[in-house]
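J.: Here it is: the structure, laid out below.
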Amino acid sequence: MHAACFQRQAAMLPGMSDSMQTDTIRTKVPARLDRLPWSRWHWLVIIGLGTVWVLDGLEVTIVSAVAGRITEPGSGLEFSASQIGLAGAIYIAGAVTGALFFGYLTDRYGRKKLFLITLALYLGAPTLTAFATDAWWFYLFRFLTGAGIGGEYAAINSAIDELMPARLRGRIALFINGSYWVGTGFGAGLAMVLLDTNIFPTDVGWRLAFGLGAVLGLAILLVRRHVPESPRWLYIHGRAREAEELVSRIEKDIEHETGRPLGEPGPAITIHQRRAIGFVEIASTVARLYPKRAFLCFSLFMGQAFLYNAVFFTYVLVLTTFYSVPSSAAPLYLIPFAFGNFLGPLLLGPLFDTLGRRRMIAGTYIVSGVLLAVTGYLFTNGVLTAVTQTAAWMVIFFFASAGASAAYLTASEIFPMEIRALAIAFFFAIGTAAGGISGPLVFGNLIETARAADVFLGYLIGAALMSAAGLVEILIGVDAEGKSLEDIARPLTAAEGDIQ
């Protein structure tokens, strides 16, 4: 067992006021976390934090699945296809806003406080959506639901990457983000029952679908209370002793579980502790030190955001409009689609830690882009049926899902610890604002024309964005596999020369 010890002394950084005076510490917390063997404690983190993506998938699928029902007479809303697209865009706008707002708070006040707050917001907003009788009510609580999910992206991805061992970080991040599609499959199956008018009236089933997600979220909240704060965040924000004691407890539990002592950790890091970092310093850091990494993240997020939000939010409308699939049966087609999306990160995830980030991210983006263009051509020429269209989506998104999950991993890995959550939020926000808000709006209006050639144009845009992002990854991607987060991006508070 390695004793929890650290050295500290008073420090004053250039340009820092007396009120911001901090200590300088030397700690092995990052190295101790990275060398831990897999344990029950890691599973607790995954269950407490990662399972929220199951809820996200459930919630988004319900909206996609009930889209056809909400457009029908007697639903209580009777939206048009363009209004469905607008609702999707509003949800994404909420996610963008929530990501930026909660992302900043996550870096300032801690991962744990914010991943509890954002989940609580998520629990309330979908429940209130179920009571919508007017468009404005539906739009308002779709916005708030998106805000909760956007905040989750920043708080959860930063916390998970800071708690997982470096050698496994890629596959774990992809698996957790890919679990979104478990919720998607469950939501599609649930929608089949709730949209059956033989069981529930037209204006009741879709409302129950929104409320059930909150019930599952409450169970996750109970587990999440036991997930600790990130030790990496603690030692930077003036709570070094708490970080050391937390890691010591984790080490003790793992040694008891495995029955053998842990190996020696790697080198220590010297940190000038700070309790807050302003927006100006964050912006200057990204612009001055990491312009290529910023462009890389923007490209990855914009490509996957347009593709996913354009296709997924209007998936049921394509089936009902072009293949005459009944709205009550359309969710059935989402189950195999979700299965393909989950298998991608699950089966390809380990390769991101072995073959490397650059090869796998570029490959998954480019392959999915090419396959999307080919599928769009077949769709336009009337070659596909509802079944073969779904099979094609399964193959495309097997690759696209792994790539999209890796976008969040990339933003979390390649920027300094002090701005990690905000970096995730920022690139999620600008990428999603560019691709995610426009996608549902564009596709909603293209589908409303009922002309396959118009929809094909949207597919070509998505294919071009995905392929271009893959090429950017080839040129300026970061080889982060197996490396400590502190080696990939030197902390802003690290002593000069301490981390290369």
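The values are calculated or read from the model by the stated rules, or taken from the named source; none is laboratory data. Predicted model, so just to flag it, every value in this text is computed and none were measured. Virtual Cβ from ideal backbone geometry, glycine too; neighbours counted across all protein chains shown.
J.: Please state which of the following conditions A154 fails to meet, knowing it meets all the rest: (1) farther than 21 Å from G344 by Cα; (2) touching a Leu at 6+ places or on another chain (Cβ under 6 Å).
T.: The single condition A154 does not satisfy is (2).
J.: For L49, are the conditions met, namely being at pLDDT below 90, out of contact with any helix residue (DSSP H, G or I) (no Cβ under 7 Å at 6 or more places or on another chain) and closer than 30 Å to G217 by Cα?
T.: No: the conditions fail for L49.
J.: If you go through segment 280-291 one residue at a time, do you hit one that is at pLDDT below 90, surrounded by fewer than 20 Cβ atoms within 10 Å (Cβ to Cβ) and charged (D, E, K, R)?
T.: yes
J.: Enumerate the helices (runs of 4 or more DSSP H) found wholly within segment 147-245, keeping only those where 3 or more residues are among the aliphatic types (A, V, I, L, M). Step through it out loud before you land on a result.
T.: Values: elements: 169-178, 180-194, 205-224, 231-236.
By residue number, 169-178, 180-194, 205-224.
J.: Could you please find all residues in segment 40-82 being charged (D, E, K, R) and either in contact (Cβ under 8 Å) with a residue 60 or more places away in the chain or in a helix (DSSP H, G or I) (or both)?
T.: Here is the first cut: in segment 40-82, the ones charged (D, E, K, R) are 40, 56, 59, 69, 72, 78.
Passing the criteria: R40, D56, E59, R69, E72.
J.: Can you confirm whether E413 is charged (D, E, K, R), crowded, with 24+ Cβ neighbours inside 10 Å and over 19 Å from Y377 (Cβ atoms)? Break it down into steps so the answer makes sense when it comes.
T.: Numbers: charged (D, E, K, R): yes; crowded, with 24+ Cβ neighbours inside 10 Å: yes; over 19 Å from Y377 (Cβ atoms): yes.
In short, yes.
J.: Here's a follow-up. What number goes with the only condition from (1) surrounded by fewer than 19 Cβ atoms within 10 Å (Cβ to Cβ); (2) over 24 Å from E72 (Cα atoms) that P345 does not pass?
T.: With respect to (1) surrounded by fewer than 19 Cβ atoms within 10 Å (Cβ to Cβ); (2) over 24 Å from E72 (Cα atoms), P345 is out only on (1).
J.: Same structure, new question: Enumerate the pairs (first residue in segment 350-374 and under 17 Å from G462 (Cβ atoms); second residue anywhere and part of a helix (DSSP H, G or I) and polar (S, T, N, Q)) with beta-carbon separation below 6 Å, excluding pairs fewer than 6 apart on the same chain, so at least 6 apart or on different chains.
T.: Going by the 6 Å Cβ cut-off, the qualifying pairs are I366/S467; G369/S467.
J.: Of the conditions (1) under 26 Å from the mean Cα position of the chain (by Cα); (2) surrounded by fewer than 20 Cβ atoms within 10 Å (Cβ to Cβ); (3) modelled with pLDDT under 90, M394 fails just one. Which one is it?
T.: (3)
J.: Looking only at residues in segment 134-155 that are modelled with pLDDT of 85 or more, among the aromatic types (F, W, Y) and out of contact with any Pro (no Cβ under 9 Å at 6 or more places or on another chain), which one is surrounded by the most Cβ atoms within 10 Å (Cβ to Cβ)?
T.: F138
J.: Please work out which one of (1) modelled with pLDDT of 95 or more; (2) over 18 Å from V182 (Cβ atoms); (3) in contact with a Leu (Cβ under 9 Å, 6 or more places away or on another chain); (4) not polar (S, T, N, Q) is the condition A373 fails and give its number.
T.: Only one criterion is unmet by A373, namely (1).
J.: Now, a different point. Quick one: in segment 105-128, which of the residues that are hydroxyl-bearing (S, T, Y) and at pLDDT 85 or above is nearest to I70 (Cα to Cα)?
T.: Checked segment 105-128; the qualifying residue nearest to I70 (Cα to Cα) is T118.
J.: All but one of (1) free of Cβ contacts under 8 Å to residues at least 12 places away in the same chain; (2) under 25 Å from the mean Cα position of the chain (by Cα) hold for F342; which doesn't?
T.: (1)
J.: Could you list all residues from segment 461-474 that are in contact with a helix residue (DSSP H, G or I) (Cβ under 6 Å, 6 or more places away or on another chain) and not β-branched (V, I, T)?
T.: Passing the criteria: G462, A463, L465, M466, S467, A469, G470, E473.
J.: Which one is farthest from G150 (Cα to Cα) among residues in segment 87-133 that are surrounded by fewer than 23 Cβ atoms within 10 Å (Cβ to Cβ), aromatic (F, W, Y) and touching a residue at least 40 places away in the same chain (Cβ under 8 Å)?
T.: F131
J.: Follow-up question, since we're still on this one. Being on the phi < 0 side of the Ramachandran plot and out of contact with any helix residue (DSSP H, G or I) (no Cβ under 6 Å at 6 or more places or on another chain) narrows it down to one of G146, G151, G124, G103, so name that one.
T.: G124
J.: For A240, are the conditions met, namely being without any contact (Cβ under 8 Å) to a residue 60 or more places away in the chain and of a type outside the set (S, T, Y)?
T.: Details: without any contact (Cβ under 8 Å) to a residue 60 or more places away in the chain: no; of a type outside the set (S, T, Y): yes.
For A240, the condition - without any contact (Cβ under 8 Å) to a residue 60 or more places away in the chain and of a type outside the set (S, T, Y) - is not met.
J.: Could you figure out which of (1) modelled with pLDDT of 85 or more; (2) part of a helix (DSSP H, G or I); (3) more than 19 Å from I424 (Cα to Cα) isn't true of F131?
T.: (2)
J.: Output the helices (runs of 4 or more DSSP H) that fall wholly within segment 421-500 and possess 2 or more residues being closer than 30 Å to R26 by Cα and at pLDDT 80 or above, or say none.
T.: By residue number, 485-488.
J.: Which count do you get for residues in segment 232-276 that are modelled with pLDDT of 90 or more and on the phi > 0 side of the Ramachandran plot?
T.: 1
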